[in-house]
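Shown next, in C-alpha cells, is the structure this report addresses.
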C-alpha cells in the first residue's frame, strides 16, 4: 500500500488526469487531496469528479472551496460574491451551471462536508495535512510521543481560518513539532505556490523553480534543531498560474517520489 498527496489543481482536469495515469494508484493505495480543486482553470467540476473517483481518497477543503460556499450561502452579499469572483470563481460557477440542479447541489454539498485537516502515519513517520498549514505554538505532548491522540489535540486547537488561509506565520518559522533527532510529525500543505515562499523564507531544500522555470514542490526548515529534517513541505507547485508557470504534483509519502506534469496551453 502506498500513500499519495496532491493539492491546488485549480480546475486543470486534463493535467490531473495525465499525472494520475503515471501514478496509477491501486485499490489498496490511499490518496489525499489538500483542497483548491476549483477556480481559475477550465474544468473545476471535472477536477472534483475525478478526485472523488480516486481509490481510498481523503479530500480536504481549501480556501477556494470556502470562498465558493460563502458565495452560495450569501447570495445577496456583494463582498462574498466579489471575493469569489476576483479569485477565479467564475470558472467554477460556469462549470457548475453546466450540470443539472440536482448534480450541482450534490457536488456543492459534498464540498461542504469536507474536513479541514488530516493526518496519517507512513513508514513510521506521522504527517499532518492541511490546505494552508498550521499555526505554530499548539499543544505538544508532555511525553514527546506523537500518537494519534496528540495530533488530534493539536489540530483541534487550530483556528479553521488558519488551516485554510495561513501563509507567512506558518512558512517563516519552525513548527516546533520535530525534536533535535528529527523525530515528530511533518506538516504537508499547499495554498502558497512555491515561488511565493521567497518572501517568507529562504530555507528550501532546492530552488522553487525547476530547470524549465516551472514551479516545483519544496521542503522547508531542515536545521540542527530538527535533526536535519524539513518540518514543512509545500506541494503547491503553481497550477493556479497556468501554462509556463506551474504544474500538478503528486507526491508518494512512502519514499518521497514526485510525479509532476506541467500545465499545457489550453488545459
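Can you name the residue in segment 1-23 that is assigned to a loop (DSSP other than H, G, I, E, B) and modelled with pLDDT of 95 or more and is also nearest to the chain's Cα centre (by Cα) among such residues? Lay out the reasoning, then the answer.
Residues of segment 1-23 that are assigned to a loop (DSSP other than H, G, I, E, B), as a first pass: 1-2, 7-12.
Add one more test, that the residue is modelled with pLDDT of 95 or more, and what stays is 2, 7-12.
Numbers: 2: 18, 7: 4, 8: 6, 9: 9, 10: 11, 11: 14, 12: 15 Å.
Among those residues, the one meeting the criterion is 7.
I'd like to check something: does segment 206-228 contain any residue that is modelled with pLDDT under 95, touching a helix residue (DSSP H, G or I) at 6+ places or on another chain (Cβ under 7 Å) and either surrounded by fewer than 22 Cβ atoms within 10 Å (Cβ to Cβ) or part of a helix (DSSP H, G or I) (or both)?
no
Search segment 40-54 for residues being in a loop (DSSP other than H, G, I, E, B) and touching a residue at least 60 places away in the same chain (Cβ under 8 Å), and hand back the single one that is farthest from residue 115 (Cα to Cα).
42
Could you grab me the full set of residues in segment 217-244 that are free of Cβ contacts under 8 Å to residues at least 40 places away in the same chain and over 17 Å from residue 17 (Cα atoms)? Show your work before the answer.
Pass one, segment 217-244, residues free of Cβ contacts under 8 Å to residues at least 40 places away in the same chain: 218-219, 222, 243-244.
Passing the criteria: 218, 219, 222, 244.
Please enumerate the residues belonging to segment 24-38 that are in contact with a helix residue (DSSP H, G or I) (Cβ under 8 Å, 6 or more places away or on another chain) and not in a strand (DSSP E or B). Spell out how you get there, then give the answer.
Filtering segment 24-38 for residues in contact with a helix residue (DSSP H, G or I) (Cβ under 8 Å, 6 or more places away or on another chain) gives 33, 35-38.
Hits for segment 24-38 are 35, 36, 37, 38.
Mind listing whichever residues of segment 86-109 are closer than 16 Å to residue 63 by Cα and touching a residue at least 60 places away in the same chain (Cβ under 8 Å)?
88, 91, 92
Within segment 122-133, which residues are out of contact with any helix residue (DSSP H, G or I) (no Cβ under 8 Å at 6 or more places or on another chain) and touching a residue at least 24 places away in the same chain (Cβ under 8 Å)?
To start, the set of residues in segment 122-133 that are out of contact with any helix residue (DSSP H, G or I) (no Cβ under 8 Å at 6 or more places or on another chain) comprises 122-125, 127, 129.
Hits for segment 122-133 are 122, 123, 125, 127, 129.
List every residue pair whose Cβ atoms sit under 8 Å apart, with the two residues 6 or more apart in sequence or on different chains, where the first one lies in segment 55-69 and is under 16 Å from residue 192 (Cα atoms) and the second, anywhere, is at pLDDT 95 or above and assigned to a strand (DSSP E or B).
Listed by first residue and then by second, the contacts come to 60/32; 60/33; 60/117; 60/118; 60/129; 60/130.
Report yes if residue 1 is in contact with a strand residue (DSSP E or B) (Cβ under 8 Å, 6 or more places away or on another chain), in contact (Cβ under 8 Å) with a residue 12 or more places away in the chain and under 23 Å from residue 124 (Cα atoms), otherwise no.
Numbers: in contact with a strand residue (DSSP E or B) (Cβ under 8 Å, 6 or more places away or on another chain): yes; in contact (Cβ under 8 Å) with a residue 12 or more places away in the chain: yes; under 23 Å from residue 124 (Cα atoms): yes.
Taking the combined requirement at face value, the residue satisfies it.
Look through segment 189-205, keep the residues that are in a loop (DSSP other than H, G, I, E, B) and touching a residue at least 12 places away in the same chain (Cβ under 8 Å), and return whichever of them is farthest from residue 171 (Cα to Cα). Spell out the reasoning first.
Taking segment 189-205 as the starting set, the residues that turn out to be in a loop (DSSP other than H, G, I, E, B) are 190-193, 200-203, 205.
In the following step, the residues that additionally are touching a residue at least 12 places away in the same chain (Cβ under 8 Å) were identified as 190-193, 200-201, 203, 205.
Details: 190: 11, 191: 11, 192: 9, 193: 12, 200: 6, 201: 7, 203: 10, 205: 14 Å.
The qualifying residue farthest from residue 171 (Cα to Cα) is 205.
Among the candidates 161, 152, single out the residue that is more than 29 Å from residue 87 (Cβ to Cβ) and part of a helix (DSSP H, G or I). Lay out the reasoning, then the answer.
Values: 161 fails: more than 29 Å from residue 87 (Cβ to Cβ).
Unique residue meeting the criteria: 152.
I need every pair where a residue in segment 134-147 that is free of Cβ contacts under 8 Å to residues at least 24 places away in the same chain and on the phi < 0 side of the Ramachandran plot has its Cβ under 7 Å from the Cβ of a residue that is loosely packed, with under 14 Cβ neighbours inside 10 Å and part of a loop (DSSP other than H, G, I, E, B), sequence separation at least 6 or different chains.
Close Cβ pairs satisfying both conditions: 138/157; 139/157.
The values are calculated or read from the model by the stated rules, or taken from the named source; none is laboratory data. Predicted, not measured: the structure shown is a model, and the values here were computed from it. Cβ: placed from backbone, ideal geometry, glycine included. Neighbour counts: every protein chain shown.
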